[in-house]
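Everything below concerns the one structure shown next.
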Amino acid sequence: MTPGDAARLVDFTSPLFNFRDVGGLAAADGATVRHGVLFRSDTLTALREEDRERFAALGVHTVIDLRHARELASFGRAPEWCCTAWHSVPLTNPAWRGEDYSPEAGVAAFLTARYLETAELAAADIVRALELIATGSGPTVVHCLGGRDRTGIVVALVLELAGVSDEDIAADYALTEHGTARYLAWQRVNRPDRPPLEPYLASTPAAAMRAFLDALRERHGSVEGYLTGAGMAAESVAALRVRLREERPLR
């Protein structure tokens, strides 16, 4: 983890392990992604009252929750005090099956296949999430349960539209392993009865995200082509870029 990566992580007392600012990444033409505009996280259901002041300092206006209805029913939503606008945008991806995982093919191949399934089956949901990010009036948090797969797909597409390289998008995705390690350390102390994670839930290899983006372009010509083909308005694409990109000052 680089010093820049560490600076983007946000720590809480609550059992929240994967919260970070996506700002600061380099984009095309010398631009950067703005700090404090878009955050990614594991489930904000875990936020506790003792972190209220810490969270409020981020100025979050909008929360986009990508979890399924059954997850909401089981765990609840983020605390009402953490945002002004809360949106449930469940990605209608199929449940993962352990029997689809092959140790010989490896974790990256399994995850790439699952992400492509989500991209095809939940395209309208993904577009809705991106349009909410594009039109948000303040800092936005997007999260699912672990903040790695559904959140990883949405954030990767946002960053690609903003002009971030695949290498840096994949590195941001792989940074989730830091959060996973923190969760596992917490689990050993607080939930020792829980079984160990399956290999495909314990790591987020950068190769999985690079392969996903490559395959999406192969199928649809470009990431923007995939999104506009799924119904995202060109104006929303432009608005997202304006919102996320910090342009290089003219000399």
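Things to note:
- The listed residue being over 28 Å from SER14 (Cβ atoms), without any contact (Cβ under 8 Å) to a residue 24 or more places away in the chain and among the small types (Gly, Ala, Ser), out of GLY163, GLY225: GLY225
- Filtering segment 51-72 to residues that are under 18 Å from THR13 (Cα atoms) and without any contact (Cβ under 8 Å) to a residue 60 or more places away in the chain leaves ASP51, ARG52, GLU53, ARG54, PHE55, ALA56, ALA57.
- Test: residue in segment 155-172 that is out of contact with any strand residue (DSSP E or B) (no Cβ under 7 Å at 6 or more places or on another chain), assigned to a loop (DSSP other than H, G, I, E, B), of a type in the set (Asp, Glu) and within 26 Å of LEU16 (Cβ to Cβ): no
- Extreme residue, nearest to ILE133 (Cα to Cα), among residues of segment 58-85 that are of a type outside the set (Gly, Ala, Ser) and open to solvent by 70 Å² or more (accessible area, probe 1.4 Å): THR84
- Top-ranked residue in segment 37-51 [being closer than 15 Å to ASN18 by Cβ and β-branched (Val, Ile, Thr); ranked as most open to solvent (accessible area, probe 1.4 Å)]: THR45
- Going through (1) under 18 Å from GLY152 (Cβ atoms); (2) in contact with a helix residue (DSSP H, G or I) (Cβ under 6 Å, 6 or more places away or on another chain) one by one, LEU197 falls short only on (2).
- Filter result for ARG54 (outside any loop (DSSP other than H, G, I, E, B), basic (Lys, Arg), open to solvent by less than 20 Å² (accessible area, probe 1.4 Å) and at pLDDT 95 or above): no
- All positions within segment 134-155 that are surrounded by fewer than 22 Cβ atoms within 10 Å (Cβ to Cβ) and either closer than 16 Å to LEU244 by Cβ or free of Cβ contacts under 8 Å to residues at least 40 places away in the same chain (or both): THR135, GLY136, SER137, GLY138, PRO139
- Test for ASP168: is it open to solvent by less than 10 Å² (accessible area, probe 1.4 Å), closer than 30 Å to PHE12 by Cβ, of a type in the set (D, E, K, R) and touching a residue at least 40 places away in the same chain (Cβ under 8 Å): no
So that you can scan it fast, the table gives a plain yes or no per residue for (1) part of a helix (DSSP H, G or I); (2) of a type in the set (A, V, I, L, M, F, W, C); (3) farther than 24 Å from GLU99 by Cα:
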| position | (1), (2), (3) |
| --- | --- |
| VAL189 | yes, yes, yes |
| ARG194 | no, no, no |
| LEU201 | yes, yes, no |
| ALA208 | yes, yes, no |
| ALA211 | yes, yes, no |
| ASP214 | yes, no, yes |
| TYR226 | yes, no, yes |
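- Filtered by the rule that a residue be open to solvent by 10 Å² or more (accessible area, probe 1.4 Å), among the small types (Gly, Ala, Ser) and either at pLDDT 95 or above or in contact with a Cys (Cβ under 6 Å, 6 or more places away or on another chain) (or both), segment 198-226 gives ALA206, ALA207, ALA211, ALA215, GLY221, SER222, GLY225.
- Residues of segment 86-108 that turn out to be open to solvent by less than 50 Å² (accessible area, probe 1.4 Å), out of contact with any Ser or Thr (no Cβ under 8 Å at 6 or more places or on another chain), within 20 Å of MET209 (Cβ to Cβ) and assigned to a helix (DSSP H, G or I), as a count: 1
- Enumeration of residues in segment 194-227 that are in contact with a Ser or Thr (Cβ under 9 Å, 6 or more places away or on another chain) and among the β-branched types (Val, Ile, Thr): THR204
- A search for C-beta distances below 8 Å between a residue of segment 73-90 that is farther than 12 Å from THR43 by Cα and any residue that is acidic (Asp, Glu) and open to solvent by 20 Å² or more (accessible area, probe 1.4 Å), counting only pairs 6+ apart in sequence or on different chains, returns TRP86/GLU80; VAL89/ASP125; PRO90/ASP125.
The values are calculated or read from the model by the stated rules, or taken from the named source; none is laboratory data. None of these values were measured; they are calculated from a predicted model. When we count neighbours, we look across all protein chains shown, and the Cβ atoms used for this are built from the backbone with ideal geometry, even at glycine. These area figures cover heavy atoms from the full protein model, side chains too; ligands, DNA and RNA do not enter into them. Shrake-Rupley method; radii C 1.70, N 1.55, O 1.52, S 1.80 Å.
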